[in-house]
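Notes follow once the structure below has been shown.
The values are calculated or read from the model by the stated rules, or taken from the named source; none is laboratory data. Just so we're clear, the structure is a prediction, and the values are computed from it rather than from any experiment. For neighbour counting, all protein chains shown are included, and Cβ atoms are generated from backbone atoms with ideal geometry for every residue, glycine included. The area values use the complete protein model at the heavy-atom level, side chains included, leaving out ligands, DNA and RNA. Shrake-Rupley method; radii C 1.70, N 1.55, O 1.52, S 1.80 Å.
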There are 2 protein chains.
Amino acid sequence: LHEVLDATAAWYRQGVPFALVHVVRVFGSAPRLPGVAMAVAASGEVVGSVSGGCIEGAVYEECLQVLENQQSVSRTYGVTDDDAFAVGLTCGGDIDVFIEPVDHERHPRFLDVVTAVQDGEPVAVATVVRGDSIGAHAIVTAAAATGESALVDVARSMLRRGTTGLAGGDDVFVETFTAPARLIVFGATDFARALVSAAKLLGYHVTVCDARPVFATRTRFPDADEVVVDQPYRYMEGTKVDSRTVLCVLTHDPKFDVPLLQVALRSPVGYVGALGSRRTHDDRLARLREAGLSDDEIARLRSPIGLDLGASTPEETAISILAEVIAAGRDASGQPLANTSGPIHS
Amino acid sequence: LHEVLDATAAWYRQGVPFALVHVVRVFGSAPRLPGVAMAVAASGEVVGSVSGGCIEGAVYEECLQVLENQQSVSRTYGVTDDDAFAVGLTCGGDIDVFIEPVDHERHPRFLDVVTAVQDGEPVAVATVVRGDSIGAHAIVTAAAATGESALVDVARSMLRRGTTGLAGGDDVFVETFTAPARLIVFGATDFARALVSAAKLLGYHVTVCDARPVFATRTRFPDADEVVVDQPYRYMEGTKVDSRTVLCVLTHDPKFDVPLLQVALRSPVGYVGALGSRRTHDDRLARLREAGLSDDEIARLRSPIGLDLGASTPEETAISILAEVIAAGRDASGQPLANTSGPIHS
């Protein structure tokens, strides 16, 4: 992804026109998600790929055509089951792409997008992929928006949800670039180790924080993105969090977790859970009340952390915690899907 | 573990007496589970470790004493918080060990245990760690049992649950050796890939099976223990499963999953789940009834697979499936622990 944006930003700065390929939709169980996938410069240079397979040839030819005609196009590439492996699609199916010619005139704010992505600023780009205004753009960040107002609205709503895909009756493709959500584990324990590994599978940017330098080491947490030695409450006061941030308090020690929770429960994070027995939990609630937290603030705390799975090992506990994190974000029941009747996906 | 058993089996065969160290209990959040941890031969040679830290020195001296006195001992090593890191315990606490002298006379069936472990046969060893019969053993496998009958009963009940720990009022330490439980994923899809990685974190022996050779490849599933190209129903007919085995049917295709489920739902496995939309699910049930499965057999099927977490990505779906697998084995509710009042651990 960044590979394509980095290369195209350089072309853009040098005044080299290029064709930008977005995968807008995939049918079947495909090996890639929608988004910017590939680009072809007027010089013929290519960066990225659509499928890792023989679709690339056809897409490449189409890109040259787009550059020649200076006309955006939407194309569908069908893949039969027999060909599926050859093109890198796991189950066959179709892949929809949108190809647009990009230069300073057609996409004057292209570098705003690249800069936001490179700075880790959330940004959404809405592109009209069908109809009269094909090729029109809207760009939305937390601070600014450019483009036609209906298009800006669509981009803004997708940005809020952090999703990429077709919208507006499939006429608009919105691509959202957000930094991975953070998961911060307080307490450099063995339970933390299992949680870090499982959280990485879910794509979180994972930080482990503990006041004790001998425990909070990179050697003990090779999978973590960051290992921080600091008082948990002090780290929490200074670090950047948002509504997608997940806090897991595994310290097991009121000396650390009460001051930390005082900060955490008044922060904008999406999830705060704390490990502990039911006795620890009761004691913790009493201390938080004593410390002056309101009932509403205390009600945000998920304690004891996790879904009731009967988990006992650190690894099972990690699954129980992440299952609660996922369900909490979608207001899902935690019941077996076999016993429920609602939608399976959020 | 095997490192210690392998070394001690060699000593035993050569007639070299040795002291065998079992960690029987750990207080605090410790870095190791109970079990055979270390051994010291009469020659002074050491294999294994108890804590990876400075407890080792004291345990080593105790082992030499045990060999000299030919007398088993139980010892507790206390670790203050300040020393905790030095001895490799993450939160301080105590560690209980049992050290016994082993030779042909005192432990005539020691090699039966090693052979069972090496062959992947489940086996439990009960050892009296306190009181008059200190040092007495019982050994239980699926096929045979030796030892005093009350001791055999304790070992058998721990073997059935696959657990290791103190029993019989803390006078008996039972160590259970079982091969990792199997998790078999049918359908070599992207959902399977995420499930394989997460299941490995939980310690499963993971097999991926798919009839299509281009999908069921080691390259696509580097984390799997086995990747098998075969018709799912035929593989299921021939492979060895038991009550701990987990089957996840992700094929999404009635051509494969109905014949497979006919075999699976009549097998002794502990869990059978199948992925699919609610429409796929209804269609699947109809086909299974048509194929002659009884209501009881069909009731074993968890479909749609997983807990209701609102999961959408392959990784989230993997967590939802494993959360159901864990909860199913413990009859747990799947509710947030914050809303329940029962025990947290199974």
Check: So which pairs qualify, if the first residue must be in region B:299-322 and basic (Lys, Arg), the second must be open to solvent by 20 Å² or more (accessible area, probe 1.4 Å), the Cβ gap must be under 6 Å, and the two must be at least 6 apart or on different chains?
Finding: B:ARG302/A:ALA338
Next item on the list: Return yes when A:GLN262 is open to solvent by 30 Å² or more (accessible area, probe 1.4 Å) and closer than 27 Å to B:GLY203 by Cα and no when it is not.
Entry: no
Checklist line | Flag for A:LEU260 being touching a residue at least 60 places away in the same chain (Cβ under 8 Å), more than 14 Å from chain B (Cβ to nearest Cβ) and outside any strand (DSSP E or B) | finding: yes
Check: How many residues does region A:45-57 hold that are outside any strand (DSSP E or B) and at pLDDT 90 or above?
Finding: 1
Check: When you go through B:LEU195, B:LEU151, B:LEU111 one by one, which is the residue that is at pLDDT 90 or above and within 30 Å of A:ALA199 (Cα to Cα)?
Finding: B:LEU195
Notebook entry, point to check: Within region A:309-319, which residues are within 15 Å of B:SER320 (Cβ to Cβ), in contact with a Leu (Cβ under 6 Å, 6 or more places away or on another chain) and facing chain B (nearest Cβ under 7 Å)?
Noted result: A:ILE319
Checklist line | Residue in region A:291-335 that is modelled with the lowest pLDDT, counting only those that are over 14 Å from B:GLY334 (Cβ atoms), out of contact with any strand residue (DSSP E or B) (no Cβ under 9 Å at 6 or more places or on another chain) and of a type in the set (Val, Ile, Thr) | finding: A:THR313
Next item on the list: Confirm whether A:LEU247 is within 12 Å of chain B (Cβ to nearest Cβ), open to solvent by less than 50 Å² (accessible area, probe 1.4 Å) and aliphatic (A, V, I, L, M).
Entry: no
Note to self: Pull out all pairs, ordered by first then second residue, where Cβ-Cβ is under 9 Å, the residues are six or more apart or on different chains, the first lies in region B:335-346 and is more than 15 Å from A:ARG279 (Cα to Cα) and more than 7 Å from chain A (Cβ to nearest Cβ), and the second is at pLDDT below 80 and exposed (fewer than 11 other Cβ atoms within 10 Å of the Cβ).
What the structure shows: none
Checklist line | Some residue of region A:190-197 being in a loop (DSSP other than H, G, I, E, B), within 14 Å of chain B (Cβ to nearest Cβ) and not hydroxyl-bearing (Ser, Thr, Tyr) | finding: no
Next item on the list: Kindly indicate whether any position in region A:230-244 is within 14 Å of another protein chain (Cβ to nearest Cβ), surrounded by fewer than 21 Cβ atoms within 10 Å (Cβ to Cβ), free of Cβ contacts under 8 Å to residues at least 24 places away in the same chain and not charged (D, E, K, R).
Entry: no
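I'd like to know if region B:141-161 contains one or more residues that are within 14 Å of chain A (Cβ to nearest Cβ) and under 24 Å from A:THR317 (Cβ atoms).
Looking through region B:141-161, at least one residue is within 14 Å of chain A (Cβ to nearest Cβ) and under 24 Å from A:THR317 (Cβ atoms).
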Checklist line | Positions within region A:202-229 being more than 17 Å from A:VAL269 (Cβ to Cβ) and crowded, with 20+ Cβ neighbours inside 10 Å, in sequence order | finding: A:ASP210, A:ALA211, A:PHE215, A:ALA216, A:ARG220, A:PHE221, A:ALA224, A:VAL227
Checklist line | Within region B:12-33, tally of residues that are surrounded by fewer than 22 Cβ atoms within 10 Å (Cβ to Cβ) and either modelled with pLDDT of 90 or more or in contact with a Gly (Cβ under 6 Å, 6 or more places away or on another chain) (or both) | finding: 9
Check: Is there a residue being within 23 Å of B:GLY238 (Cα to Cα), away from chain A (no Cβ under 12 Å) and within 22 Å of the chain's Cα centre (by Cα) anywhere in region B:166-178?
Finding: yes
Notebook entry, point to check: Would you call A:ARG130 assigned to a loop (DSSP other than H, G, I, E, B), more than 13 Å from chain B (Cβ to nearest Cβ) and closer than 28 Å to A:ASP96 by Cα?
Noted result: yes
Margin query: Considering only residues that are part of a loop (DSSP other than H, G, I, E, B), in contact with a helix residue (DSSP H, G or I) (Cβ under 6 Å, 6 or more places away or on another chain) and without any contact (Cβ under 8 Å) to a residue 24 or more places away in the chain, which ones fall in region B:198-229?
Written below: B:VAL214
